[in-house]
Amino acid sequence: MDLDWRVCSRARLSRDARFDGKFFIGVITSHVYCRSICPAPTAKEENVRYYPSAAAAAEAGFRPCLRCRPECSPGTRAWIGTPNTVSRALRLISECGLEAGGVEALAERLGVGSRRLRRLFLRHLGATPSAVAQTRRLHFAKKLIDETTLPMGQVAIASGFGCVRRFNAAIRKVYHRTPSQIRRLVRQKSPTPENEYFFRLRYRPPYQWGALLAFLEPRATPGVEEVTRAVYRRTISVNGSHGYFEISLDEAKHTLGVRVQLGDPRSLFFIIERIRAMFDLNADWAAIVGSLRCDHVLAKRVDAEPGLRVPGCWNGFELATRAILGQQITVKGATSLAGRLVRAFGQPFNATGNLTRLFPLPEVLADANLASIGLPAARAETIRSLARATCSGQVRFEGVVDADACLAHLTEIPGVGQWTAQYVAMRALGEPDAFPSGDLGLLRALDVSSSRELERRAEAWRPWRAYAAMYLWRMVTEGKAHGGKHASIKAKAAHLERAQDHKQASVAG
Ligand SMILES: [Zn+2]
């Protein structure tokens, strides 16, 4: 474990929100563990211990603090220096928990021995994979107890405890209280409509919500997504249950407010984890900013708008489809095509306002007559091939262990080039270093003439090139691109589009 206690101590004493969730504080005198921002009176240094994960603090015998609620901190992520195996394992645990086979099955999927996986976890997170999974389950249960009015039986199932008895026992053991006693501690909130849930998800500041929405808004698929008055909304379908969610910012509390409307509360864990990924809530800005600031053009932009995130997606197939639709056309053109696709093939959805459709399933698009919406024949065939590959499991976007292998499968589809693959890696696989270097917008932003030149320059931004791409796109849309040689850049861009593998050159989106 490479926790620097001096850094932890400074963060604890100043209640620094930027460190929230990066480590946890065990207080020996009270036997509880806290976040760096805990409002309780500060304990003496000799009475505290620092842990790299909530699970490690729990394993050391501390109980979660009822004031700062460690379950509400931004997620633990794999920090710099953590081996790939650990970050992949964490991603799998957050996507699907520890499945039936437990640690053995997880290790097998990752291609390592289970003993080695345990050792790696202990070294980097201070807790075993099962302890990490158990803590996540417990934290989500606590969130449901505090933030919803779901009956306890449903809380038990939604948080993955399987039965009420095990759930009750686990909560009593950790909190020394029954679930109902914990719920009574929470100030009574106004009742929410049936099947509606409201959560607060923390991020580590800074967070550029406005800039993120400015990226999502022009790309919102009509009928499926919308951005209005600083709120993002979209329809969802999980395990046959349809609904929608909406996200808004509460800047003072460093949280996103999430309102979910769905008939089946068993999917809430999955939905919340997906939203966390979609809005990049685990990101650690302090770790990212260093590499971006060493480029003089990026530095200016980064200082003007610190904390821009890489938006993920709700569904990988949907994003990849959308990326293919956007090849070689403008963002606006791609959005209107996506709207037509959804109207023709998406299942109708009765909700509120402008959310009227679900995004079409791969099963539907696999044999769809896409020429009917005005899609060129080759592009239509690419989307059908993607849909078929997704149906057959040849291409998958969830539970991905090896992103490179996943992208290799994706580029086997005729019409899917490096640009599309890197864009999918950025937004559907959450690869922070993905970088669509053939993107015309990126070239234009820095006034460079070739993707090779751009790649050379981007070396310094590793492993955060996806964040750099977001800033560069932002510069282009804001009209603050570097240099005044627009005519020549335009000419270069046009040349590129023709000369390069035509699948590669595109403008994000
Ligand atoms: Zn606390």
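Might you check whether a residue that is modelled with pLDDT under 95, open to solvent by 30 Å² or more (accessible area, probe 1.4 Å) and more than 24 Å from the chain's Cα centre (by Cα) occurs anywhere in segment 125-148? So far as segment 125-148 goes, no, none of its residues is modelled with pLDDT under 95, open to solvent by 30 Å² or more (accessible area, probe 1.4 Å) and more than 24 Å from the chain's Cα centre (by Cα). Residues in segment 206-218 that are open to solvent by 30 Å² or more (accessible area, probe 1.4 Å) and assigned to a helix (DSSP H, G or I): 210, 214, 217, 218. For residue 98, the conditions (1) assigned to a helix (DSSP H, G or I); (2) more than 13 Å from the ligand (Cβ to nearest atom) all hold with the exception of (1). Among the residues making up segment 32-72, those that are part of a helix (DSSP H, G or I) and more than 8 Å from the ligand (Cβ to nearest atom) are 45, 46, 47, 54, 55, 56, 57, 58, 59, 71, 72.
Screening residue 156 against (1) under 24 Å from residue 339 (Cβ atoms); (2) free of Cβ contacts under 8 Å to residues at least 24 places away in the same chain; (3) surrounded by 15 or more Cβ atoms within 10 Å (Cβ to Cβ) leaves a single unmet condition, (1). Go through segment 14-28 and give me each residue that's within 13 Å of the ligand (Cβ to nearest atom) and open to solvent by 50 Å² or more (accessible area, probe 1.4 Å). Across segment 14-28, the qualifying residue is only 15. Within the option set 408, 344, being of a type in the set (A, V, I, L, M, F, W, C), without any contact (Cβ under 8 Å) to a residue 24 or more places away in the chain and open to solvent by less than 70 Å² (accessible area, probe 1.4 Å) holds for one residue only, 408. Among the conditions (1) more than 16 Å from the ligand (Cβ to nearest atom); (2) under 25 Å from the mean Cα position of the chain (by Cα); (3) more than 25 Å from residue 428 (Cβ to Cβ); (4) charged (D, E, K, R), residue 116 misses just one, which is (2).
Name the residue, out of 105, 11, that is within 16 Å of the ligand (Cβ to nearest atom) and farther than 23 Å from residue 271 by Cβ.
Working: 105 fails: within 16 Å of the ligand (Cβ to nearest atom).
Exactly one residue qualifies, and that residue is 11.
In segment 197-220, the residues that are within 30 Å of residue 334 (Cα to Cα) reach residues that are assigned to a strand (DSSP E or B) with C-beta atoms within less than 7 angstrom, at least six apart or across chains, in these pairs: 209/249; 213/227; 213/232; 216/227; 216/232; 217/227; 220/226; 220/227.
This table checks each residue for (1) assigned to a loop (DSSP other than H, G, I, E, B); (2) surrounded by fewer than 22 Cβ atoms within 10 Å (Cβ to Cβ).
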{"site": "404", "(1), (2)": "no, yes"}
{"site": "416", "(1), (2)": "yes, no"}
{"site": "419", "(1), (2)": "no, no"}
{"site": "422", "(1), (2)": "no, no"}
{"site": "455", "(1), (2)": "no, yes"}
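Please verify whether segment 224-231 includes one or more residues that are open to solvent by 30 Å² or more (accessible area, probe 1.4 Å), outside any strand (DSSP E or B) and touching a residue at least 24 places away in the same chain (Cβ under 8 Å). No, segment 224-231 contains no residue that is open to solvent by 30 Å² or more (accessible area, probe 1.4 Å), outside any strand (DSSP E or B) and touching a residue at least 24 places away in the same chain (Cβ under 8 Å).
Can you find a residue in segment 274-285 that is within 16 Å of the chain's Cα centre (by Cα), of a type outside the set (Phe, Trp, Tyr) and open to solvent by 50 Å² or more (accessible area, probe 1.4 Å)? Quick ask: steps written out before the conclusion?
Taking segment 274-285 first, the residues within 16 Å of the chain's Cα centre (by Cα) are 274-285.
Filter once more, so that each one left must be of a type outside the set (Phe, Trp, Tyr): 274-278, 280-284.
Now narrow it down to the ones that are open to solvent by 50 Å² or more (accessible area, probe 1.4 Å): 277.
Yes, segment 274-285 contains at least one residue that is within 16 Å of the chain's Cα centre (by Cα), of a type outside the set (Phe, Trp, Tyr) and open to solvent by 50 Å² or more (accessible area, probe 1.4 Å).
Just one of the numbered conditions (1) modelled with pLDDT under 90; (2) crowded, with 20+ Cβ neighbours inside 10 Å is not true of residue 50: (1).
Has segment 437-445 got any residue that is open to solvent by 20 Å² or more (accessible area, probe 1.4 Å) and in contact (Cβ under 8 Å) with a residue 12 or more places away in the chain? If you could, list the steps in order and put the result at the bottom.
Applying the first criterion (open to solvent by 20 Å² or more (accessible area, probe 1.4 Å)) to segment 437-445 yields 444.
Adding the requirement that they be in contact (Cβ under 8 Å) with a residue 12 or more places away in the chain leaves 444.
Checking segment 437-445: at least one residue is open to solvent by 20 Å² or more (accessible area, probe 1.4 Å) and in contact (Cβ under 8 Å) with a residue 12 or more places away in the chain.
Identify the residue in segment 1-31 that is hydroxyl-bearing (Ser, Thr, Tyr) and either closer than 17 Å to residue 60 by Cβ or part of a loop (DSSP other than H, G, I, E, B) (or both) and, among all such residues, is farthest from the chain's Cα centre (by Cα). Before you say what the answer is, go through the steps one by one.
In the first step, residues of segment 1-31 are kept if they are hydroxyl-bearing (Ser, Thr, Tyr); the result is 9, 14, 29-30.
Within this subset, residues satisfying the condition of being either closer than 17 Å to residue 60 by Cβ or part of a loop (DSSP other than H, G, I, E, B) (or both) are 14, 29-30.
Details: 14: 28, 29: 37, 30: 34 Å.
Filtering segment 1-31 for residues that are hydroxyl-bearing (Ser, Thr, Tyr) and either closer than 17 Å to residue 60 by Cβ or part of a loop (DSSP other than H, G, I, E, B) (or both), the one farthest from the chain's Cα centre (by Cα) comes out as 29.
The values are calculated or read from the model by the stated rules, or taken from the named source; none is laboratory data. The model shown is predicted, which means the values in this text are computed figures rather than measured ones. Using ideal geometry, Cβ is built from the backbone for each residue, glycine included, and neighbour counts are taken over all protein chains shown. Only protein heavy atoms, including side chains, enter the accessible area calculation; ligands, DNA and RNA are left aside. Shrake-Rupley method; radii C 1.70, N 1.55, O 1.52, S 1.80 Å.
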